[in-house]
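Chemist: Just dropping this structure here.
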Amino acid sequence: MEFSLGQILKIVDGTLEGDEAYIITDLAEIQHAKKGQLTFLGNPKYNKYLSTTEATAVLVPKDFKGSYENLIRVENPNLAFSLMIPRFRPELPLPNPEIHKTACIANSAQLGENIYIGPNVTIEDKAVIENNVFIFANSYIGTETRIGSETIIRPNVTIYHNCQIGSKVLIHSGVVVGSDGFGFVRTEKSIKKIPQAGRVVIGDDVEIGANCSIDRGTLGDTVISKGTKLDNLIQIAHNVKIGVYCFIAAQSGIAGSSTIEDRVTIAGQVGVAGHLKIGEGAIVAAQSGVSKDVPPGTIVFGYPAQEQKKARREIVNIRSIPDIKAKLKEIEKIIEESK
Amino acid sequence: MEFSLGQILKIVDGTLEGDEAYIITDLAEIQHAKKGQLTFLGNPKYNKYLSTTEATAVLVPKDFKGSYENLIRVENPNLAFSLMIPRFRPELPLPNPEIHKTACIANSAQLGENIYIGPNVTIEDKAVIENNVFIFANSYIGTETRIGSETIIRPNVTIYHNCQIGSKVLIHSGVVVGSDGFGFVRTEKSIKKIPQAGRVVIGDDVEIGANCSIDRGTLGDTVISKGTKLDNLIQIAHNVKIGVYCFIAAQSGIAGSSTIEDRVTIAGQVGVAGHLKIGEGAIVAAQSGVSKDVPPGTIVFGYPAQEQKKARREIVNIRSIPDIKAKLKEIEKIIEESK
Amino acid sequence: MEFSLGQILKIVDGTLEGDEAYIITDLAEIQHAKKGQLTFLGNPKYNKYLSTTEATAVLVPKDFKGSYENLIRVENPNLAFSLMIPRFRPELPLPNPEIHKTACIANSAQLGENIYIGPNVTIEDKAVIENNVFIFANSYIGTETRIGSETIIRPNVTIYHNCQIGSKVLIHSGVVVGSDGFGFVRTEKSIKKIPQAGRVVIGDDVEIGANCSIDRGTLGDTVISKGTKLDNLIQIAHNVKIGVYCFIAAQSGIAGSSTIEDRVTIAGQVGVAGHLKIGEGAIVAAQSGVSKDVPPGTIVFGYPAQEQKKARREIVNIRSIPDIKAKLKEIEKIIEESK
C-alpha cells in the first residue's frame, strides 16, 4: 500500500509544510518511525522525538510550534492518524454469514438475516438475533435476550436472559452481562438473597472491554446508554444508569444504583460508591474513591475524592509539614531564649 | 398478578397504617413508583421521595417517622420487599433435567439424579456431580472435582481439578475456581514456579459473582465457608481462609494465606495483604488497603487502613493544615513586632 | 510416599542438625504440621510456630537462629520446600495427545505433533499450533495466531487473531489476549474508535493468571517478555512493553504505552498511568498509583506513588499533626500570657 502526501492530505483534511510528492509506505509511532513512514504527535510528551525520528512526514496539531521536513497540520492528529490505520493495516475481515453446525440454537429463537453464529454458541429460548449480527465461538445468549443489528460479540461472552443489547455494539471476550446484582439482607443468623428480577439494557454503539461484569437490575434496569465505551475488567453493579458517550477506563467499578450522566470520563481503577450521581461532563481522575455526588463539569481526584484543585492543594499542604515543624522549632527557640 | 394490602401484610409480617383493601399490581423503586405499585424505603437517602412518589403503599421500618396514604411497617423493608419480588416478577424457571447431547462427559465421572448439563459442558475424569445440580453451557468441571447437590453453575465457568463445591452454591459466569496460586521463588537469573498442589473448598450456600478468580492452595486448601457471598471480579489468592456469612464486594482482593473470620464485611476495591487476619464481624470500608491484622468487630478505613475514627480524624487533621499555617504566620508576625 | 531426612538433604542441598534416619511421609504448613511431616520457615512471621509445631523436620534459612529436633538449613526454604511438593503430591498428569472430535479446527491451521486439543476448542484460519501444546476445553485461538511449543492453555481462554505466544507459556482460564486497546477520540458530538491493528507478543516461560486482559497494540505490539509472571485479574493496555522476569500481582493495571523494564516487581492493585517507564528492578508497593516515571532499583509507594522513604515519612508527618496543634496552642498561650 502506498499513498503520496498529497493523497494523505485529502484523507486527513490537513495542510502540508513540505512536498506533496513524497510517498508513504507505512505507519509507525514516532520513536520507531523510519524513512517512508508517516507518524503523528498526539501527546506533547513525545515532541522530543521530532529531533530523532526518521519519519518522512509527521501529523501535528494546527498550532504546533516546530518544523520538520514534511509537517501535516490537522485539527486532531490522533484522529487523523487513526483514519490512516485501516489504509495501511486492513482489519481482519469479519466472517461470512454462517450458522455453524455445532451451535445450539433453541427452536423458539428468532434469527435475522446475514448473521454469523460461530462454533459452540448457545442461543436459548425466544432470544432474538437481529440482522447482520456476529456471535463468535463459545458465547452464550440467554432466554428472551435481544441482540441488535450489526452487533459483534467476541468469543466466550455470556449474556444472561432477558437483556437488551443495542445495534452496532461491540462486546469483547470474557464479558458477563446480566449476572445477579449483589443484593442480600443480613439477618441475625444468615444472609438472605434479594431476587434480581430486572434487566440490563445496552444502547447503540456501546463498546464493552474484555472481562467486564455488568449486573442486571433488582427490579428496574441497569442501563448503559448510546456511544459509551468501557475498557476492560470494569464492574457495573445493579441499577446503575450510565448516560451517553461516557468513557470508563479499566478496572473501575460503579456501585449499585449510582447514576453517571452524559459525557462523563472516569479514569482507571476508580471506585464510585452506591446511590451517587456523577454530573454531566465530570472527570474522575485515576484511582479516585468517589463517596459523594460530583457536580457537572467538575474534575475530582483522591481518596476520598474531592475537587481536583483542593486535592492537589492538600498534597502540597501535606508536603509542607516538615516546613511547619521547622518553623515551630524556630519559634520555640525564640521563646525559650526570650525567657 | 394482584395482591391486596391485606394479603401483602401476611407475606411480609407487617402492620398497616391505611386500608387493607387496596390492590397492588406491581413493584417499583420509590422514585419511579406509580399508582397501584408497592415500594419501600430501605435507605434514608430516599426518604425525600416519599413526598413525590405516586406509589399506593410503602414498606418502611417499624420506627419510621412520617406518614403516607398506606404505610406498611416491617422489621426490615429491604427483606420485606424482596419477599414480594418473586410474587410479581417470577424468576426464569431453571431448565428441566437433561444431559445435552453435545456435553463431553468422561466415563469415569459420577452423575447424580435430576441434573441439567447444558450444551458443550466438559466434565473430566472421576468428577462427581451430585443430585439436582445445574451446569450451564460451556462450563468446565475438572478431574475429581465434586459439585454438591442443588448447586447452580452458570455458563462459561471453569472449575479446575480436585476442587470441592458445596450444596446450593451459585457460581456466576466467567468465574475461575482452582487456578494456580501465584507462588514463585525469584532466583538469581530467573523465576521458579512453586507447584500448587492444594485444593479449593467452597461451603454450602456460597454465591460467587461474575469473573471472580479463586486460586487453589499450595499445599492445604483455599477455603470459602458456608453462606459467604462474593460480588464480581474478586481475587482470592492461595491458602486464603474465609469464614461463614461474610460479604465481599466487587473488585476486592485477598492476598495469600490471609484469614477472614466469620461475618466480616469487606466493601468494594479493598486490598488485604498476605498472611493477615481480619477478625470476626470486622468491617473494611471501600478501597482500603489493609496491611496489618484487624481486631474483631472493628471498622477500618484508609490506605494504609486504620481504625475508622482515627482515619477520619486524620482527614480532618490534613484539612486543618491551612489553619495551622495561618496561625504560624500570625505568631511569626507577633514575634517580629515584639523584637 | 516416604523419604528419609538423608534422602531429602540430597534433594534440597541442605545441612541437617538432627538424625538422617527419620522418615517423612508428608508435607504441611508449620501451624498444621504433625509427626512424620516436613515443614518450612519461609517468612519470619511464622517463626513463632516453631515452639508449637509437631513437625518431624523443618527447613530453615542457613543463618536461622533457633533450634529444633531436626533442622535442615538451606539457601532458600521456600525453594527447597517447593522441590519436595511434587515428590509427595504428584501433579495431575497432563492429558495424552488427542484432538477431540468436537474441536473445530480450520483446514488452513497448522498443527504440530503430540498436541492435545480439548473438547469444543475453536482454532481459526492459518493459526499455528507448535509441538507438544495443550489447549483445554472451550478455548479459542484466532486467525493467524501462533502458539509456541509446550505451551499450556487452560479451559475458556480467548486469544484473538494475529497474536504470538511463546514456548512453555502457561495461560490460565478466563484470560483474554488480543482484545482491542481502549483507543478512541472524543469529537464534538460523539466518540470515534481508533482501529487497533497491532498484536500481542508473549515471550517464553510467561505465566498469565486467571481472568487477565491483555489488549493488542494500536499499531505496534503489546509485549510481555520471557519469564514474566502475571497473577489474576490484571489489565495490560495497548502498546505496553513488559521486560523479562517481572512479577505483577493480582488486580494491577498498566495503562497504555507504558514500559515496565526487566525484573520489576509490582504488588497487588497497583495502577500505572500511561506513557510511563518503570525502571529495571524497581518495586511498586501494593495499591500504589504511579503517575510519573520510576527510576531503576527504587521502591515506590502511595497515591500518588513516591519513593518509599518519602511516602513513609509523609505518613509519620500526617500523624504528627495533633502534636503540631498542641505545640501551637502552647505557644499561643505563652504569647497571650506575655502580653
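Chemist: How about the range C:182-215: which of its residues are within 7 Å of another protein chain (Cβ to nearest Cβ), crowded, with 24+ Cβ neighbours inside 10 Å and assigned to a loop (DSSP other than H, G, I, E, B)?
Modeler: Selection gives C:Phe182, C:Gly209, C:Ala210, C:Asn211.
Chemist: Applying the selection to the range B:222-246, what residues are free of Cβ contacts under 8 Å to residues at least 40 places away in the same chain, more than 7 Å from every other protein chain (Cβ to nearest Cβ) and not in a loop (DSSP other than H, G, I, E, B)? Reasoning before the result, please.
Modeler: First, pick out the residues of the range B:222-246 that are free of Cβ contacts under 8 Å to residues at least 40 places away in the same chain: B:223-225, B:227-231, B:233-236, B:240-243, B:245-246.
Keeping just the survivors that are more than 7 Å from every other protein chain (Cβ to nearest Cβ) gives B:223-225, B:228, B:230, B:234, B:236, B:240-243, B:246.
B:Val223, B:Ile224, B:Leu230, B:Ile236, B:Lys241, B:Ile242, listed by residue number.
Chemist: Then there's this: Within the bounds of the range C:268-282, is there any residue that is assigned to a strand (DSSP E or B), closer than 19 Å to B:Ile191 by Cα and more than 9 Å from every other protein chain (Cβ to nearest Cβ)?
Modeler: No, the range C:268-282 contains no residue that is assigned to a strand (DSSP E or B), closer than 19 Å to B:Ile191 by Cα and more than 9 Å from every other protein chain (Cβ to nearest Cβ).
Chemist: All but one of (1) among the polar types (S, T, N, Q); (2) surrounded by fewer than 20 Cβ atoms within 10 Å (Cβ to Cβ); (3) out of contact with any helix residue (DSSP H, G or I) (no Cβ under 7 Å at 6 or more places or on another chain); (4) within 11 Å of chain A (Cβ to nearest Cβ) hold for C:Thr298, so report the exception by its number.
Modeler: C:Thr298 satisfies every listed condition except (4).
Chemist: Any chance the range A:151-162 includes a residue that's without any contact (Cβ under 8 Å) to a residue 40 or more places away in the chain and among the aromatic types (Phe, Trp, Tyr)?
Modeler: Checked the range A:151-162: no residue is without any contact (Cβ under 8 Å) to a residue 40 or more places away in the chain and among the aromatic types (Phe, Trp, Tyr).
Chemist: Under 9 Å by Cβ, and 6 or more places apart or on different chains, what pairs join a residue from the range A:295-309 that is assigned to a helix (DSSP H, G or I) with one that is modelled with pLDDT of 95 or more?
Modeler: A:Gln308/A:Ile283; A:Gln308/A:Ala285; A:Gln308/A:Thr298; A:Gln308/A:Ile299; A:Gln308/A:Val300; A:Gln308/A:Phe301; A:Gln308/A:Gly302; A:Lys309/A:Ile299
Chemist: Something else about it: Looking at C:Val244, C:Val272, which one is of a type outside the set (Lys, Arg) and touching a Lys or Arg at 6+ places or on another chain (Cβ under 8 Å)?
Modeler: Exactly one residue qualifies, and that residue is C:Val244.
Chemist: From the residues in the range B:117-140 that are among the hydrophobic types (A, V, I, L, M, F, W, C), in a loop (DSSP other than H, G, I, E, B) and more than 26 Å from the chain's Cα centre (by Cα), which one is nearest to the other protein chains (Cβ to nearest Cβ)?
Modeler: B:Val121
Chemist: Another one. Would you check which residues across the range B:265-277 are crowded, with 22+ Cβ neighbours inside 10 Å and closer than 13 Å to B:Ile236 by Cβ and list them?
Modeler: B:Ile266, B:Val270, B:Gly271, B:Val272
Chemist: Exactly one condition in (1) surrounded by fewer than 24 Cβ atoms within 10 Å (Cβ to Cβ); (2) small (Gly, Ala, Ser); (3) at the interface with another protein chain (Cβ under 10 Å from one of its Cβ atoms) is false for C:Ser258; which is it?
Modeler: Only one criterion is unmet by C:Ser258, namely (3).
Chemist: Since C:Ile8 meets every condition but one in (1) out of contact with any Pro (no Cβ under 6 Å at 6 or more places or on another chain); (2) crowded, with 19+ Cβ neighbours inside 10 Å; (3) within 14 Å of another protein chain (Cβ to nearest Cβ), which condition does it not meet?
Modeler: Of everything listed in (1) out of contact with any Pro (no Cβ under 6 Å at 6 or more places or on another chain); (2) crowded, with 19+ Cβ neighbours inside 10 Å; (3) within 14 Å of another protein chain (Cβ to nearest Cβ), C:Ile8 misses just condition (3).
Chemist: Further question: Please verify whether the range A:77-91 includes one or more residues that are more than 30 Å from C:Ile194 (Cβ to Cβ) and at pLDDT 95 or above.
Modeler: No - not one qualifying residue is present in the range A:77-91.
Chemist: Go through the range A:141-158 and give me each residue that's part of a loop (DSSP other than H, G, I, E, B) and either within 12 Å of chain B (Cβ to nearest Cβ) or in contact with a strand residue (DSSP E or B) (Cβ under 7 Å, 6 or more places away or on another chain) (or both).
Modeler: Here is the first cut: in the range A:141-158, the residues part of a loop (DSSP other than H, G, I, E, B) are A:142-145, A:148-151, A:154-157.
Residues satisfying the conditions are A:Gly142, A:Thr143, A:Glu144, A:Thr145, A:Gly148, A:Thr151, A:Arg154, A:Pro155, A:Asn156, A:Val157.
Chemist: It is to be established whether one or more residues within the range B:93-106 are of a type in the set (Lys, Arg), over 17 Å from A:Ala106 (Cβ atoms) and assigned to a loop (DSSP other than H, G, I, E, B).
Modeler: No; the residues of the range B:93-106 include none that is of a type in the set (Lys, Arg), over 17 Å from A:Ala106 (Cβ atoms) and assigned to a loop (DSSP other than H, G, I, E, B).
Chemist: Just to be sure I understand, how many residues within the range B:159-181 are away from every other protein chain (no Cβ under 12 Å) and within 22 Å of B:Ala255 (Cα to Cα)?
Modeler: The qualifying residues number 2.
Chemist: Another question, then. In this structure, does C:Arg87 turn out to be free of Cβ contacts under 8 Å to residues at least 24 places away in the same chain, of a type in the set (Lys, Arg) and either under 30 Å from A:Leu83 (Cα atoms) or in contact with a helix residue (DSSP H, G or I) (Cβ under 8 Å, 6 or more places away or on another chain) (or both)?
Modeler: Judged against the criteria, C:Arg87 is not a match.
Chemist: Something else: Out of (1) charged (D, E, K, R); (2) within 30 Å of C:Gly42 (Cβ to Cβ); (3) not assigned by TED's automatic domain parsing to the domain that holds B:Val169, what's the single condition that is false for B:Lys327?
Modeler: (2)
Condition check ((1) farther than 21 Å from C:Val185 by Cβ; (2) part of a loop (DSSP other than H, G, I, E, B)) across all residues:
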{"site": "A:Met1", "(1), (2)": "yes, yes"}
{"site": "A:Leu9", "(1), (2)": "no, no"}
{"site": "A:Leu16", "(1), (2)": "yes, no"}
{"site": "A:Glu20", "(1), (2)": "yes, yes"}
{"site": "A:Ala33", "(1), (2)": "no, yes"}
{"site": "A:Leu38", "(1), (2)": "no, no"}
{"site": "A:Gly42", "(1), (2)": "no, yes"}
{"site": "A:Lys48", "(1), (2)": "yes, no"}
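Chemist: I need the full set of residues from the range B:185-217 which are over 23 Å from B:Tyr245 (Cβ atoms), touching a Leu at 6+ places or on another chain (Cβ under 7 Å) and aliphatic (A, V, I, L, M), in order please.
Modeler: If the condition is that a residue be over 23 Å from B:Tyr245 (Cβ atoms), touching a Leu at 6+ places or on another chain (Cβ under 7 Å) and aliphatic (A, V, I, L, M), then B:Val185, B:Ala197 are the ones that fit.
Chemist: Further question on the same structure: Could you give me the residue pairs with C-beta distances under 6 Å whose first residue belongs to the range A:13-27 and is under 22 Å from A:Leu79 (Cβ atoms), whose second residue is hydrophobic (A, V, I, L, M, F, W, C) and in a loop (DSSP other than H, G, I, E, B) wherever it lies, and which are 6+ apart or on separate chains?
Modeler: Listed by first residue and then by second, the contacts come to A:Leu27/C:Leu219.
Chemist: Would it be correct to say that B:Gly253 is buried (at least 24 other Cβ atoms within 10 Å of the Cβ) and more than 10 Å from chain A (Cβ to nearest Cβ)?
Modeler: The answer is yes for B:Gly253.
Chemist: If you check A:Leu92, A:Leu111, which single one turns out to be surrounded by fewer than 19 Cβ atoms within 10 Å (Cβ to Cβ) and in contact with a His (Cβ under 9 Å, 6 or more places away or on another chain)?
Modeler: Answer to the selection: A:Leu92.
Chemist: For the range A:220-229, give me each residue that is touching a His at 6+ places or on another chain (Cβ under 9 Å) and surrounded by 24 or more Cβ atoms within 10 Å (Cβ to Cβ).
Modeler: Listed by number, the list holds a single entry, A:Thr222.
Chemist: Further question on the same structure: Mind checking which residues of the range A:313-329 are surrounded by 13 or more Cβ atoms within 10 Å (Cβ to Cβ), more than 9 Å from chain C (Cβ to nearest Cβ) and assigned to a helix (DSSP H, G or I)?
Modeler: A:Arg313, A:Glu314, A:Asn317, A:Lys327
Chemist: Could you grab me the full set of residues in the range B:262-281 that are touching a Pro at 6+ places or on another chain (Cβ under 7 Å) and either over 20 Å from A:Gly183 (Cα atoms) or at pLDDT below 95 (or both)?
Modeler: Within the range B:262-281, B:Gly279, B:Glu280 qualify.
The values are calculated or read from the model by the stated rules, or taken from the named source; none is laboratory data. The structure presented is a predicted model; accordingly, all values stated were derived computationally and were not measured. A quick note on method: Cβ atoms are made from the backbone with ideal geometry, for glycine too, and the neighbour counts reach across all protein chains shown.
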